[in-house]
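To keep things clear, I will list the structure first and then write my remarks on it.
We did not get these values from a lab; they are worked out from the coordinates using the rules stated. No experiment lies behind these values; they were computed from the predicted model shown. Please note: Cβ atoms are built from the backbone with ideal geometry, for glycine as well, and neighbour counts cover all protein chains shown.
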Amino acid sequence: MIAKIMKGSDFKAVVYYILNDEKGTQIIDADGLFLENNDTIAQGFIGQAQMNPRVTKAVGHIALSFSKEDAPRLNNTVMAQITREYMERMGIKDTQYIIGRHFDKEHPHVHIAFNRIDNNGKTISDRNDRFRSERICKELTKKYGLHFANGKEQVKIDQLREPDKTRYELYNILKAEVGRCRDWNTLLERVKRQGVKVQFKYKGQTDDIQGIVFSMNGYRFNGSKVDRQFSYSKINAALRRNSYEERQEQARPQLMQAEISPASNSSGDLISGSLGLFTPSIVPEEQQPYDPYLRNKKKKKQRKINR
């Protein structure tokens, strides 16, 4: 289960998009609106929004998509229940809304149109709505035993619209290249060949890099907006890790050879034994000549330590 959040100012446009006959739309839930036709629904939204004209984007529009593996169990009743709980957790309550289910894709999905001006004329907050939505979607997916998608690799890029299509293409390029490069110069050269431009963001007037922006097909994305693993700091850490692992691989054969081939005893004897040129002769203490001065000096030193 994933959500795409949008906001706008044209209630009529969003109502006509959701209740499009070509999508085989079914209204599975609604509140606070006359459902006679598209125009009466839009007028109902507009009338309530005028209670707080200072809000320029009063249209709330959220698309909730589910995995195609869950299609057999997601009838209209279940989808309406999950959607209402999602809205409640998002703070979308005491306001007008419609929930329309579309049947133009192989995966089940619904569209929510709601009024960001609630029944009391107050604004429904959108603060951190995307972060809250991501967390809530994961919680509801787990609660209802829904299918967890395997990630962006499962997305059908050819069915996406811009800029999402470019963002997923960029994701695939970065995933492949960051995994194989060991330094920034190599990475920048590889992605440039594939039409990707890179710009670093610096901290104030310093040379400290604090962010990265990718440009492709006329669209710009912060690294973390492509995916969290593609922020500047995480890419930098991945490149360092790749470089370290490569050095380890190069050093491993030499270490193995050193363990397999021990030094020859004969050569060792030659160096340490003949003529005594390389290794000084060490006489055990008990075989050294008796020196009473040295012995007394050791005793005095020991007494000082004992004190």
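The phi torsions of the stretch 88-100, fed into the Karplus equation with coefficients 6.51, -1.76 and 1.60 and a -60° offset, translate into couplings of 4, 5, 7, x, 8, 8, 6, 8, 6, 7, 10, 10, x Hz, rounded to whole numbers, with Gly and Pro shown as x. Could you tally the net charge around residue 104, taking each other residue with its Cβ under 12 Å from the Cβ of residue 104, Lys/Arg +1 and Asp/Glu -1? Result for the neighbourhood of residue 104: 0. Extension gain for residue 248-residue 36 works out to 69.2 nm (0.36 nm per residue, less the C-alpha to C-alpha distance).
The chymotrypsin sites (Phe, Trp or Tyr not before Pro) found in the stretch 67-112 that occupy coil by DSSP, while having at most 15 further C-beta atoms within 10 Å, are 103.
Note on residue 23 and residue 176: their simple-model spin labels are 3.3 nm apart, each label 7 Å out from Cα toward Cβ.
Here the extension length gained between residue 89 and residue 222 equals 45.0 nm, from 0.36 nm per residue of separation less the Cα-Cα distance. When each of 173, 209, 62 is scored by the number of other beta-carbon atoms lying within 10 Å, the sequence from fewest to most is 209, 173, 62.
Centroid-to-centroid, using Cα positions, the stretch 168-214 and the stretch 1-48 are 41 Å apart. Using the Cβ of residue 191 as centre and a radius below 12 Å, the other residues enclosed give a net charge of +3, where K and R count +1 and D and E count -1.
When all alpha-carbon pairs of the stretch 157-236 are counted, what percent fall beyond 21 Å? In whole percent, the long-distance tail amounts to 24.
With contacts taken as Cα pairs under 8 Å at a separation of at least 6 residues, the stretch 2-149 carries a relative contact order of 32 percent. Does the stretch 2-149 come out rounded, prolate or oblate, given a ≥ b ≥ c as the square roots of the eigenvalues of its C-alpha gyration tensor, rounded meaning a/c under 1.5 and, failing that, prolate meaning a/b above b/c? The shape class here is oblate. Neighbour counts of C-beta atoms inside 10 Å place 95, 186, 56 in the sequence 56, 186, 95, starting with the fewest. Semi-axes of the equivalent ellipsoid of the stretch 89-220 are 36, 22, 15 Å, computed as sqrt(5λ) over the eigenvalues of the C-alpha gyration tensor in descending order.
Note on the stretch 157-236: with charges restricted to the Cβ of Lys and Arg (+1) and Asp and Glu (-1), its dipole about the Cα centre is near 40 debye. For chymotrypsin sites (Phe, Trp or Tyr not before Pro), the sites in the stretch 8-83 that DSSP calls loop and that have at most 12 other Cβ atoms within 10 Å are 34.
In this simple spin-label model, placing a label point 7 Å from the Cα along the Cα-to-Cβ direction at both residue 16 and residue 202 gives a separation of 5.0 nm. Full extension of the chain between residue 234 and residue 9 yields a length gain of 77.2 nm, computed as 0.36 nm times the residue separation minus the alpha carbon distance.
Placing dummy labels 7 Å off each Cα toward the beta-carbon, the span from residue 103 to residue 73 is 2.2 nm. In order along the stretch 73-83, the phi-based Karplus estimate (6.51 cos²θ - 1.76 cosθ + 1.60, θ = phi - 60°) of 3J(HN,Hα) comes to 9, 9, 7, 4, 5, 5, 5, 5, 5, 5, 5 Hz; Gly and Pro are listed as x. Ordering 27, 92 from the fewest to the most neighbouring beta carbons within 10 Å gives 27, 92.
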